[in-house]
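Encoded as structure tokens, the structure appears first; notes follow it.
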Amino acid sequence: MSDQPPAVICVVCNEPITSRILKAMGKTYHPEHFKCAGCEQTITNERFHVDNNEKIYCEPCYTKMFLSKCKKCGEPIKERLIKALGADWHEDHFVCAQCGKVLHGVPFYEKDGLPYCEEDFTQKFAPKCKKCGKPIVDQVIKALDAQWHAGCFVCCKCNSPITDSVFQIDDKGMPICSKCAEAS
């Protein structure tokens, strides 16, 4: 009977390991048998990744094969990933298409597949009031082939809100309430 400890066996080749032993994931390897499943190169540094099937990958292969690519820059996303508009983004690349403001954690709007902050979306795409020219973001009144804020659709003579469905228009195309129209 020998007092020798049992031989350490390489999980890849099933041969005893007599020199350097590499231990990873509860297994033992000859250092030259600890290889990337992607490029089949020996992994010599401390960083490696394991997939769901317990295959080992070097950092470059794992990055290339498994990490999502950012929609804006096309580079792998190694840190926080933002999923929005059917794509993956680096956190600092998910920005307003107009002003460049980072949109992570704030409300945003989409137009033609691009993200916009609320302010720029409103300025760029919301209908504009015929009277004041500002974007309409709440109730809109459609009249005289234009759109109006509720507070802007007023008689051009007395400044009273036009609430009747019948009204007149002046020579500049602005509404006149029935009272002012009768008084003219």
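The values are calculated or read from the model by the stated rules, or taken from the named source; none is laboratory data. Given the structure is predicted, the values throughout are model-derived calculations rather than measurements. Quick reminder, even Gly has a Cβ in these numbers, built from the backbone with ideal geometry, and neighbours come from all protein chains shown.
Numbers at a glance
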item	result
Failed criterion for Val106 (all others in (1) over 29 Å from Phe125 (Cβ atoms); (2) in a loop (DSSP other than H, G, I, E, B); (3) not charged (D, E, K, R) hold)	(1)
Residue match in region 111-124 (condition: closer than 30 Å to Tyr62 by Cα and in contact with a strand residue (DSSP E or B) (Cβ under 6 Å, 6 or more places away or on another chain))	yes
Filtered residues of region 137-151 (kept if exposed (fewer than 12 other Cβ atoms within 10 Å of the Cβ) and either touching a Gly at 6+ places or on another chain (Cβ under 6 Å) or assigned to a strand (DSSP E or B) (or both))	Lys142
Verdict on Pro76 being touching a Leu at 6+ places or on another chain (Cβ under 7 Å), surrounded by 12 or more Cβ atoms within 10 Å (Cβ to Cβ) and not hydrophobic (A, V, I, L, M, F, W, C)	yes
Among the residues listed as Glu91, Glu46, the single one being acidic (Asp, Glu) and not assigned by TED's automatic domain parsing to the domain that holds Cys117	Glu46
Criterion: touching a His at 6+ places or on another chain (Cβ under 8 Å), of a type in the set (A, V, I, L, M, F, W, C) and either under 30 Å from Tyr116 (Cα atoms) or touching a residue at least 24 places away in the same chain (Cβ under 8 Å) (or both) - qualifying residue of Phe48, Phe94	Phe94
Residue selected from region 12-33 under the condition surrounded by fewer than 11 Cβ atoms within 10 Å (Cβ to Cβ) and among the hydroxyl-bearing types (Ser, Thr, Tyr), by the criterion farthest from Thr44 (Cα to Cα)	Thr18
Near pairs, Cβ below 8 angstrom, 6+ apart or cross-chain, from region 128-155 (of a type in the set (Phe, Trp, Tyr)) to any residue that is part of a strand (DSSP E or B)	Trp148/Val140; Trp148/Ile141; Trp148/Lys142; Phe153/Ile141; Phe153/Ala143; Phe153/Pro161; Phe153/Pro175
Every pair of residues 6+ apart whose Cβ atoms lie under 6 Å, when the first sits in region 101-116 and is on the phi < 0 side of the Ramachandran plot while the second is surrounded by fewer than 15 Cβ atoms within 10 Å (Cβ to Cβ) and part of a loop (DSSP other than H, G, I, E, B)	Glu110/Leu85
Residue match in region 61-78 (condition: in a loop (DSSP other than H, G, I, E, B), more than 19 Å from Phe108 (Cβ to Cβ), touching a helix residue (DSSP H, G or I) at 6+ places or on another chain (Cβ under 9 Å) and among the basic types (Lys, Arg))	yes
Identity of the residue in region 158-170, without any contact (Cβ under 8 Å) to a residue 24 or more places away in the chain and surrounded by 13 or more Cβ atoms within 10 Å (Cβ to Cβ), that ends up nearest to Lys142 (Cα to Cα)	Ile162
